Amino acid sequence: APKIEKKDLTPIQKTANFEYTPDQKIAIQEIENEITKKYPMEHLLIGDVGFGKTEVAMVASFIVAKSGYQVAVIAPTTILVNQHFESFKERFKDYPEIKIAKLDRFTSTKEKKEILEGVKSGNIDILISTHAGLNVEYKNLGLVIIDEEHKFGVKQKEKLKELSEKVHTLYMSATPIPRTLNMALSQIKSISTLEEAPKGKQETKTFVKEWDENLIKEAILREIRRGGQIFYIYNNISYIEHKKKELQEILPNLRILTLHAKMTPNKIEKGLVDFINGK
(Lines give C-alpha, C1' and ligand atoms only; values in the text may rest on other atoms or scores of the structure.)
Protein backbone atom coordinates (compact mmCIF):
# COMPACT_ATOMS: atom_id res chain seq x y z
CA ALA A 1 0.00 0.00 0.00
CA PRO A 2 1.13 3.62 -0.52
CA LYS A 3 3.10 4.89 2.48
CA ILE A 4 0.95 7.61 4.00
CA GLU A 5 2.16 9.41 7.09
CA LYS A 6 0.06 11.12 9.75
CA LYS A 7 -0.15 14.86 9.23
CA ASP A 8 -0.93 17.81 11.46
CA LEU A 9 -4.56 18.41 10.52
CA THR A 10 -4.99 21.61 12.55
CA PRO A 11 -4.37 23.96 9.54
CA ILE A 12 -6.89 22.28 7.21
CA GLN A 13 -9.47 21.90 9.98
CA LYS A 14 -9.06 25.53 11.00
CA THR A 15 -9.97 26.74 7.50
CA ALA A 16 -13.35 24.94 7.67
CA ASN A 17 -15.93 27.67 8.21
CA PHE A 18 -18.03 25.45 10.48
CA GLU A 19 -17.68 23.27 13.52
CA TYR A 20 -17.18 19.53 13.01
CA THR A 21 -19.81 17.21 14.44
CA PRO A 22 -18.51 14.58 16.92
CA ASP A 23 -19.17 11.95 14.22
CA GLN A 24 -17.02 13.82 11.69
CA LYS A 25 -14.14 14.04 14.17
CA ILE A 26 -14.35 10.30 14.85
CA ALA A 27 -14.61 9.45 11.12
CA ILE A 28 -11.51 11.56 10.30
CA GLN A 29 -9.59 9.85 13.12
CA GLU A 30 -10.68 6.38 11.96
CA ILE A 31 -9.74 7.06 8.34
CA GLU A 32 -6.38 8.53 9.32
CA ASN A 33 -5.65 5.41 11.40
CA GLU A 34 -6.60 3.11 8.51
CA ILE A 35 -4.80 5.07 5.80
CA THR A 36 -1.47 5.11 7.65
CA LYS A 37 -1.35 1.33 8.07
CA LYS A 38 0.84 -0.93 5.93
CA TYR A 39 -2.00 -2.51 3.96
CA PRO A 40 -4.56 -0.88 1.64
CA MET A 41 -7.53 0.70 3.39
CA GLU A 42 -11.08 -0.20 2.32
CA HIS A 43 -13.28 2.16 4.29
CA LEU A 44 -16.99 2.86 3.98
CA LEU A 45 -18.32 6.27 5.05
CA ILE A 46 -22.09 6.42 5.51
CA GLY A 47 -24.06 9.61 6.09
CA ASP A 48 -27.16 11.40 4.90
CA VAL A 49 -26.93 14.16 2.29
CA GLY A 50 -25.61 17.31 3.98
CA PHE A 51 -24.10 15.48 6.96
CA GLY A 52 -20.53 16.28 5.93
CA LYS A 53 -19.16 13.25 4.04
CA THR A 54 -17.38 15.48 1.51
CA GLU A 55 -15.52 17.34 4.26
CA VAL A 56 -14.22 14.04 5.68
CA ALA A 57 -13.17 12.97 2.16
CA MET A 58 -11.37 16.30 1.65
CA VAL A 59 -9.39 15.89 4.87
CA ALA A 60 -8.41 12.35 3.75
CA SER A 61 -7.35 13.80 0.36
CA PHE A 62 -5.27 16.44 2.17
CA ILE A 63 -3.38 13.75 4.12
CA VAL A 64 -2.68 11.77 0.93
CA ALA A 65 -1.72 14.77 -1.26
CA LYS A 66 0.58 16.08 1.47
CA SER A 67 2.27 12.65 1.55
CA GLY A 68 3.14 13.02 -2.15
CA TYR A 69 0.41 10.79 -3.62
CA GLN A 70 -2.47 11.44 -6.00
CA VAL A 71 -6.19 11.19 -5.26
CA ALA A 72 -8.90 10.03 -7.70
CA VAL A 73 -12.45 11.09 -6.82
CA ILE A 74 -14.98 9.17 -8.91
CA ALA A 75 -18.69 10.12 -8.95
CA PRO A 76 -21.53 8.68 -11.05
CA THR A 77 -22.83 11.93 -12.60
CA THR A 78 -21.49 15.15 -14.09
CA ILE A 79 -23.59 17.06 -11.56
CA LEU A 80 -21.90 15.38 -8.59
CA VAL A 81 -18.49 15.85 -10.20
CA ASN A 82 -19.19 19.58 -10.53
CA GLN A 83 -20.34 19.85 -6.93
CA HIS A 84 -17.27 18.00 -5.63
CA PHE A 85 -14.97 20.07 -7.83
CA GLU A 86 -16.39 23.34 -6.50
CA SER A 87 -16.17 22.08 -2.89
CA PHE A 88 -12.57 20.89 -3.27
CA LYS A 89 -11.48 24.09 -5.04
CA GLU A 90 -13.01 26.27 -2.33
CA ARG A 91 -11.63 24.08 0.47
CA PHE A 92 -8.06 23.93 -0.88
CA LYS A 93 -7.77 27.58 -1.92
CA ASP A 94 -5.18 28.18 0.83
CA TYR A 95 -3.08 25.33 -0.58
CA PRO A 96 -2.15 26.38 -4.14
CA GLU A 97 0.48 23.62 -4.21
CA ILE A 98 -2.32 21.01 -4.32
CA LYS A 99 -3.47 21.00 -7.95
CA ILE A 100 -7.08 19.94 -8.62
CA ALA A 101 -8.73 19.11 -11.97
CA LYS A 102 -12.03 17.66 -13.18
CA LEU A 103 -12.95 15.44 -16.08
CA ASP A 104 -16.50 14.90 -17.37
CA ARG A 105 -18.49 14.83 -20.60
CA PHE A 106 -18.31 18.64 -20.91
CA THR A 107 -14.49 18.74 -20.80
CA SER A 108 -13.18 19.88 -24.19
CA THR A 109 -10.78 17.62 -26.11
CA LYS A 110 -7.94 20.13 -25.64
CA GLU A 111 -8.57 20.38 -21.89
CA LYS A 112 -8.88 16.62 -21.58
CA LYS A 113 -5.48 16.11 -23.24
CA GLU A 114 -3.84 18.60 -20.85
CA ILE A 115 -5.46 16.99 -17.80
CA LEU A 116 -4.45 13.46 -18.83
CA GLU A 117 -0.86 14.64 -19.31
CA GLY A 118 -0.95 16.45 -15.96
CA VAL A 119 -2.16 13.33 -14.14
CA LYS A 120 0.40 11.11 -15.87
CA SER A 121 3.29 13.46 -15.07
CA GLY A 122 2.12 13.99 -11.48
CA ASN A 123 1.40 17.72 -11.91
CA ILE A 124 -2.24 17.15 -10.93
CA ASP A 125 -2.73 15.92 -7.37
CA ILE A 126 -6.50 15.43 -7.22
CA LEU A 127 -8.61 14.38 -10.20
CA ILE A 128 -12.40 14.55 -9.82
CA SER A 129 -14.23 12.71 -12.58
CA THR A 130 -17.10 10.57 -13.78
CA HIS A 131 -16.20 7.06 -15.00
CA ALA A 132 -14.05 8.94 -17.55
CA GLY A 133 -11.37 8.92 -14.84
CA LEU A 134 -11.25 5.13 -14.81
CA ASN A 135 -9.09 4.95 -17.94
CA VAL A 136 -6.56 7.51 -16.76
CA GLU A 137 -2.88 6.77 -16.16
CA TYR A 138 -1.85 8.09 -12.73
CA LYS A 139 1.77 8.71 -11.81
CA ASN A 140 1.48 7.95 -8.12
CA LEU A 141 -2.07 7.09 -7.07
CA GLY A 142 -2.58 6.79 -3.31
CA LEU A 143 -6.32 7.10 -2.68
CA VAL A 144 -9.50 6.40 -4.65
CA ILE A 145 -12.70 7.99 -3.34
CA ILE A 146 -15.85 6.43 -4.80
CA ASP A 147 -19.10 8.32 -4.31
CA GLU A 148 -22.39 6.37 -4.45
CA GLU A 149 -20.82 3.17 -5.83
CA HIS A 150 -24.23 1.51 -6.32
CA LYS A 151 -25.05 3.97 -9.11
CA PHE A 152 -22.25 2.62 -11.33
CA GLY A 153 -22.83 -0.17 -13.86
CA VAL A 154 -21.22 -3.62 -13.66
CA LYS A 155 -18.42 -2.80 -16.16
CA GLN A 156 -17.61 0.43 -14.34
CA LYS A 157 -17.53 -1.41 -11.01
CA GLU A 158 -14.98 -3.85 -12.47
CA LYS A 159 -12.85 -0.89 -13.59
CA LEU A 160 -13.20 0.70 -10.15
CA LYS A 161 -12.01 -2.54 -8.62
CA GLU A 162 -8.94 -2.59 -10.91
CA LEU A 163 -8.15 1.04 -10.17
CA SER A 164 -8.37 0.65 -6.41
CA GLU A 165 -6.68 -2.73 -6.10
CA LYS A 166 -3.37 -1.72 -4.54
CA VAL A 167 -4.28 1.70 -3.18
CA HIS A 168 -6.41 3.06 -0.32
CA THR A 169 -10.14 3.23 -1.09
CA LEU A 170 -12.83 5.34 0.55
CA TYR A 171 -16.44 4.57 -0.37
CA MET A 172 -19.04 7.26 0.40
CA SER A 173 -22.74 6.51 0.45
CA ALA A 174 -26.00 7.92 1.72
CA THR A 175 -27.70 4.59 1.01
CA PRO A 176 -25.19 1.73 1.03
CA ILE A 177 -26.31 -1.25 -1.03
CA PRO A 178 -26.62 -4.51 0.94
CA ARG A 179 -23.47 -5.94 -0.71
CA THR A 180 -21.33 -2.97 0.38
CA LEU A 181 -22.84 -3.04 3.86
CA ASN A 182 -22.35 -6.78 4.08
CA MET A 183 -18.67 -6.42 3.11
CA ALA A 184 -18.24 -3.71 5.74
CA LEU A 185 -19.93 -5.74 8.44
CA SER A 186 -17.89 -8.82 7.61
CA GLN A 187 -14.76 -6.73 8.29
CA ILE A 188 -13.52 -6.64 4.68
CA LYS A 189 -13.94 -2.90 5.02
CA SER A 190 -13.88 -0.63 8.01
CA ILE A 191 -16.85 1.67 8.46
CA SER A 192 -17.67 5.15 9.80
CA THR A 193 -21.15 6.60 10.17
CA LEU A 194 -22.22 10.25 10.28
CA GLU A 195 -25.52 10.31 12.16
CA GLU A 196 -25.66 13.84 13.48
CA ALA A 197 -26.67 16.83 11.36
CA PRO A 198 -24.13 19.69 11.31
CA LYS A 199 -24.87 22.69 13.54
CA GLY A 200 -27.13 25.25 11.89
CA LYS A 201 -28.51 22.77 9.35
CA GLN A 202 -32.11 23.85 9.07
CA GLU A 203 -35.01 21.48 8.98
CA THR A 204 -37.15 21.26 5.89
CA LYS A 205 -40.50 22.99 6.24
CA THR A 206 -43.48 21.66 4.31
CA PHE A 207 -46.76 23.48 3.71
CA VAL A 208 -49.76 21.97 1.95
CA LYS A 209 -51.93 24.66 0.37
CA GLU A 210 -54.42 25.16 -2.43
CA TRP A 211 -52.93 26.63 -5.62
CA ASP A 212 -53.04 30.40 -5.32
CA GLU A 213 -51.34 32.81 -7.72
CA ASN A 214 -50.49 35.33 -4.97
CA LEU A 215 -49.06 32.64 -2.72
CA ILE A 216 -46.86 31.26 -5.54
CA LYS A 217 -45.68 34.78 -6.35
CA GLU A 218 -44.86 35.55 -2.72
CA ALA A 219 -43.03 32.24 -2.17
CA ILE A 220 -40.90 32.68 -5.30
CA LEU A 221 -40.09 36.34 -4.60
CA ARG A 222 -39.08 35.57 -1.02
CA GLU A 223 -36.65 32.92 -2.28
CA ILE A 224 -35.21 35.25 -4.97
CA ARG A 225 -34.76 38.04 -2.39
CA ARG A 226 -32.57 35.79 -0.24
CA GLY A 227 -30.46 34.89 -3.28
CA GLY A 228 -31.89 31.39 -3.57
CA GLN A 229 -33.31 29.22 -6.32
CA ILE A 230 -36.57 27.38 -6.92
CA PHE A 231 -37.50 23.90 -8.12
CA TYR A 232 -41.08 23.97 -9.41
CA ILE A 233 -42.29 20.39 -9.78
CA TYR A 234 -45.13 19.82 -12.23
CA ASN A 235 -46.25 16.33 -13.22
CA ASN A 236 -47.61 16.72 -16.75
CA ILE A 237 -45.08 16.92 -19.58
CA SER A 238 -47.63 17.90 -22.23
CA TYR A 239 -48.68 20.99 -20.24
CA ILE A 240 -45.28 21.88 -18.79
CA GLU A 241 -44.57 24.70 -21.29
CA HIS A 242 -48.01 26.14 -20.55
CA LYS A 243 -47.13 26.12 -16.84
CA LYS A 244 -43.85 27.92 -17.58
CA LYS A 245 -45.78 30.60 -19.52
CA GLU A 246 -48.19 30.97 -16.61
CA LEU A 247 -45.30 31.58 -14.20
CA GLN A 248 -43.70 34.07 -16.58
CA GLU A 249 -46.92 36.03 -16.77
CA ILE A 250 -46.92 36.36 -12.97
CA LEU A 251 -43.17 37.08 -12.78
CA PRO A 252 -41.81 38.29 -16.16
CA ASN A 253 -38.16 38.59 -15.02
CA LEU A 254 -37.70 35.00 -13.92
CA ARG A 255 -35.14 32.89 -15.76
CA ILE A 256 -36.98 29.58 -16.07
CA LEU A 257 -35.61 26.32 -17.44
CA THR A 258 -37.87 23.37 -18.24
CA LEU A 259 -36.57 19.83 -17.82
CA HIS A 260 -38.43 16.54 -18.17
CA ALA A 261 -37.84 12.85 -18.83
CA LYS A 262 -38.47 13.03 -22.57
CA MET A 263 -35.35 15.17 -23.09
CA THR A 264 -31.95 13.63 -23.79
CA PRO A 265 -29.78 12.82 -20.73
CA ASN A 266 -27.21 15.27 -22.13
CA LYS A 267 -29.72 18.13 -22.17
CA ILE A 268 -30.98 17.32 -18.68
CA GLU A 269 -27.46 17.16 -17.28
CA LYS A 270 -26.41 20.39 -18.97
CA GLY A 271 -29.56 22.10 -17.69
CA LEU A 272 -28.95 20.96 -14.13
CA VAL A 273 -25.30 22.08 -14.26
CA ASP A 274 -26.48 25.52 -15.46
CA PHE A 275 -29.00 25.58 -12.61
CA ILE A 276 -26.35 24.68 -10.03
CA ASN A 277 -24.12 27.43 -11.44
CA GLY A 278 -26.91 29.99 -11.02
CA LYS A 279 -27.54 30.64 -14.71
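Considering only Ile63, Ile26, Ile128, give the residue with the highest GNM mean-square fluctuation for the chain, with springs between Cα atoms whenever their separation is below 10 Å.
Evaluated over the chain, the most mobile residue of the options is Ile26.
I need the phi-derived Karplus couplings for region 5-18: 6.51 cos²θ - 1.76 cosθ + 1.60, θ = phi - 60°, integer Hz, Gly and Pro marked x.
Using θ = phi - 60°, the values come out as 9, 5, 10, 6, 8, 4, x, 5, 6, 5, 7, 6, 8, 8 Hz.
Report P(r) for region 239-279: all Cα-Cα distances, bin width 10 Å, range 0 to the bin holding the largest distance, values in whole percent.
28, 46, 26, 0
Expressed as an acute angle from 0 to 90° and rounded to the nearest 10, what is the orientation of the C-alpha long axis of helix 240-250 relative to the principal long axis of the chain?
Roughly 70 degrees between the two axes.
In deg cm²/dmol, rounded to 500, what helix-only [θ] at 222 nm does the chain give when every DSSP H run of at least 4 residues adds -39500 (n - 2.57) and the total is split over its residues?
On the way: 10 runs with 114 residues, N = 279.
Computed mean residue ellipticity for the chain: -12500 deg cm²/dmol.
Work from the charge dipole of the chain (Cβ charges, +1 for Lys and Arg, -1 for Asp and Glu, about the Cα centre) and give the residue of His260, Val154, Asn123 farthest towards its positive end.
Result: Asn123.
Taking a temperature of 10 °C and a viscosity of 1.306 mPa s, what whole-number D in µm²/s does Stokes-Einstein yield for the chain with Rh from Kirkwood over alpha carbon pairs? Working shown, then result.
Numbers: Rh = 20.8 Å.
D, rounded to a whole number, is 76 µm²/s.
In 10 Å bins starting at zero, report the fraction of Cα pairs in region 99-154 per bin as a rounded %.
For region 99-154, the pair-distance distribution reads 23, 56, 21, 1.
May I ask for the longest run of the chain untouched by GluC sites (Glu not before Pro) that are loop-located per DSSP and have at most 13 neighbouring C-beta atoms (other than their own) within 10 Å? Walk me through the numbers before you get to the answer.
Details: sites that count: Glu5, Glu19, Glu97, Glu137, Glu165, Glu195, Glu203, Glu210.
Result for the longest clean stretch: 20-96.
Which whole-angstrom value gives the distance between the alpha carbon centres of region 107-169 and region 1-53?
21
Under 10 Å, Cα contacts only: if you run a Gaussian network model on the chain, which one of Thr204, Thr78, Thr193 comes out with the highest mean-square fluctuation?
Of Thr204, Thr78, Thr193, the Gaussian network model singles out Thr204 as fluctuating most.
Using θ = phi - 60° and the Karplus relation 6.51 cos²θ - 1.76 cosθ + 1.60, list the HN-Hα couplings for region 126-141 in order, rounded to whole Hz, with x at every Gly or Pro.
After applying 6.51 cos²θ - 1.76 cosθ + 1.60, I find 10, 10, 10, 8, 7, 4, 4, x, 7, 9, 9, 9, 8, 6, 8, 5 Hz.
Explain nothing, just compute: Karplus ³J(HN,Hα) = 6.51 cos²θ - 1.76 cosθ + 1.60, θ = phi - 60°, for every residue of region 90-100 in order, whole Hz, x for Gly and Pro.
Whole-Hz 3J(HN,Hα) from phi for region 90-100: 4, 5, 9, 5, 7, 10, x, 6, 8, 8, 10.
Taking only protein heavy atoms and a 1.4 Å probe, what accessible area per residue, in Å², does region 1-132 have with all protein chains in place?
Values: 6260 Å² over 132 residues.
I get 47 Å² per residue for region 1-132.
Using amide H atoms built 1.01 Å from N in the peptide plane, name the residues 5+ places from Gln70, or on other chains, whose amide H lies under 5 Å from its own.
For Gln70, the qualifying residues are Asn140, Leu141, Gly142, Leu143.
Write down, largest first, the equivalent ellipsoid semi-axes of region 1-147 in whole Å, where each equals the square root of 5 times an eigenvalue of the alpha-carbon gyration tensor. Could you put the intermediate results ahead of the total?
Working: eigenvalues 112, 61, 42 Å².
Equivalent ellipsoid of region 1-147: 24, 17, 15 Å, largest first.
Considering only protein heavy atoms and a probe of 1.4 Å, how much of the accessible area of the chain is carbon and sulfur, as a whole percent? Kindly include the intermediate steps, with their values, before the conclusion.
Details: 8800 of 16890 Å².
Heavy-atom surface of the chain belonging to carbon and sulfur, 1.4 Å probe: 52 percent.
Given springs between every Cα pair under 10 Å in a Gaussian network model of the chain, which of Asp104, Asp147, Asp212 has the largest fluctuation?
Greatest mean-square fluctuation among the candidates belongs to Asp212.
To the nearest 20 debye, what charge dipole does the chain have about its Cα centre, counting +1 at the Cβ of each Lys and Arg and -1 at the Cβ of each Asp and Glu? It would help to have the intermediate numbers written out before the result.
On the way: 44 positive and 39 negative charges, 128 e Å.
Roughly 620 debye, rounded to the nearest 20.
Taking H as built 1.01 Å from N, whose amide H comes closer than 5 Å to the amide H of Ile124, not counting residues under 5 places away?
Val119
Could you pull out every residue, at least 5 positions away or on a different chain, whose amide H is within less than 5 Å of the one on Thr130? Hs are placed 1.01 Å off N in the peptide plane, and Pro or chain starts have none.
Ala75, Leu103
The values are calculated or read from the model by the stated rules, or taken from the named source; none is laboratory data. All values reported here derive from a predicted model rather than from experimental measurement. Here the Cβ is made from the backbone with ideal geometry for all residues, glycine too, and neighbour counts use every protein chain on show. Note: accessible area is taken over every heavy atom of the protein model, side chains too, but ligands, DNA and RNA are not part of it. Shrake-Rupley method; radii C 1.70, N 1.55, O 1.52, S 1.80 Å.
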